[in-house]
1. If I model a spin label as a point 7 Å beyond the Cα along the Cα-Cβ vector, how far apart are those points for Leu6 and Ile146 in nm?
2. Which shape class applies to the range 74-147: rounded if a/c is under 1.5, otherwise prolate when a/b exceeds b/c and oblate if not, where a ≥ b ≥ c are the square roots of the Cα gyration tensor eigenvalues?
3. Could you calculate the contour length gain from Ser16 to Lys107, that is, 0.36 nm times the residue separation minus the distance between their Cα atoms, to one decimal place in nm?
4. Calculate the dipole size of the range 1-69 relative to its Cα centre from +1 charges on Lys and Arg beta carbons and -1 charges on Asp and Glu beta carbons; express the result in debye to the nearest 20.
5. Need the list of lysines near Lys112 for cross-linking: C-alpha distance under 16 angstrom, and skip anything on the same chain fewer than eight residues off.
6. When the scattering of the chain is computed by the Debye formula from its Cα atoms alone, each counted once and equally, what is log10 I(q)/I(0) at q = 0.13, 0.17 Å⁻¹?
7. Taking the range 37-117, which GluC sites (Glu not before Pro) meet the DSSP loop condition and have no more than 11 other C-beta atoms within 10 Å?
8. Please check: in the Gaussian network model of the chain (C-alpha springs, under 10 Å), which one of Lys126, Lys112, Lys14 has the largest mean-square fluctuation.
Amino acid sequence: MDLSNLKPAQGSVKASKRIGRGQGSGRGGTSTRGHKGAKSRSGYSQKIGFEGGQMPLYRRVPKYGFRNINRIEYRSINLDVIQALVSAKNVDAVDIDLLIESGLAAKNDRIKILGRGELTAKVDIKANAFSASAVKAIESKGGQAIKI
């Protein structure tokens, strides 16, 4: 046996329906498209979500809510996480590059420091935003909250 005499299994390959080859073929005339209507025309393609003229689902379901396109999203990081980072890396200043390097934020994230947890070390933190409680906790330990 070699590649030149390979054949598909018996009955596995069927001849395709040849339509539009005259009345004598049994599939002439309308060429299996039926009479009239959009699907019988050339160039027909059904719109996404079309339900045969019935009111489509995306129009039946009520819409609600509002999404402000000008909203600024922040990645929030709490002081207990900062304290763990400072203890692990033994640093006295935390900036965005350090947070990205340690996997706490992504490259394009805006970062907001929140006040949950206890800060025990004096640390200078650079971020896009701070909560009032976070600023208070940072400055009470002698550190600085620097807004970028």
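What follows draws every value from the coordinates through simple rules; no lab data is involved. Bear in mind the structure is a predicted one, so any value in this text is a computation, not a measurement. Please note: Cβ atoms are built from the backbone with ideal geometry, for glycine as well, and neighbour counts cover all protein chains shown.
1. Simple spin-label model gives 6.7 nm for this pair.
2. Values: a/c = 1.65, a/b = 1.21, b/c = 1.37.
In terms of gyration-tensor shape, oblate.
3. Numbers: separation 91, 0.36 × 91 = 32.76 nm, distance 5.46 nm.
Answer, rounded to one decimal: 27.3 nm.
4. Working: 15 positive and 2 negative charges, 72 e Å.
For the range 1-69, the charge dipole is close to 340 debye.
5. Lys126, Lys136, Lys147
6. -0.75, -0.99
7. Details: sites: Glu51, Glu73, Glu101; in loops: Glu73.
Sparse-neighbourhood loop GluC sites (Glu not before Pro): Glu73.
8. Lys14
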